[in-house]
Amino acid sequence: MYAIADASSPDLSRSVRLGMRDSATLNEVVGTSPAIITKLTCSAVVLCLAVSAFSPSSLAEPAPAPEQIDQGREVYDESCQTCHGRDMVNSGAVIFDLRKFPKDDLKRFRSAVLDGKGQAMPSFRGRLGEADVDLLWAYVRGGP
């Protein structure tokens, strides 16, 4: 249920409650005052812009640079290739296919690399630094 109040009204407590079953039109609710319709329209536009400014796509990381991908490939070849396969192509056995890793989930990637995945994957904390993990992430996101 939504409450629409006319801010220019001397009685701010006067509001019209609209529910899903109400069939009131905008004209019936706010009248035909162009000023009120303009205020509501501007408010709706501002709300849409605010929501879209914080959408996941606007917060996405920029694509990794080619040199980051190449450096990440070197870290991968030294630390990950044995299990995950050359160019992230593995035999399809039990090992996770890194080519299918969600490209927008750095937190999960960092946790898996640094903390491990139980018996499935060892922890690399202490063996790989933060910079190495960032380079691996660049390779996973932009590699082969």
Do me a favour and compute the ellipsoid semi-axes for region 97-144 from its Cα gyration tensor, root of five times each eigenvalue, largest one first, whole Å.
-> 17, 13, 9
Ranked highest first by average number of other Cβ atoms within 10 Å, how do 109-116, 95-102 line up?
-> 109-116, 95-102
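So how many Å³ per residue does the convex hull of the Cα atoms of region 66-142 work out to?
Values: hull volume 6.4 nm³, N = 77.
Cα convex hull per residue, to the nearest whole number: 83 Å³.
Rule-based calculations on the coordinates, nothing more; no lab input. The shown structure was predicted, so the numbers you read here are calculated from the model rather than taken from an experiment. Virtual Cβ from ideal backbone geometry, glycine too; neighbours counted across all protein chains shown.
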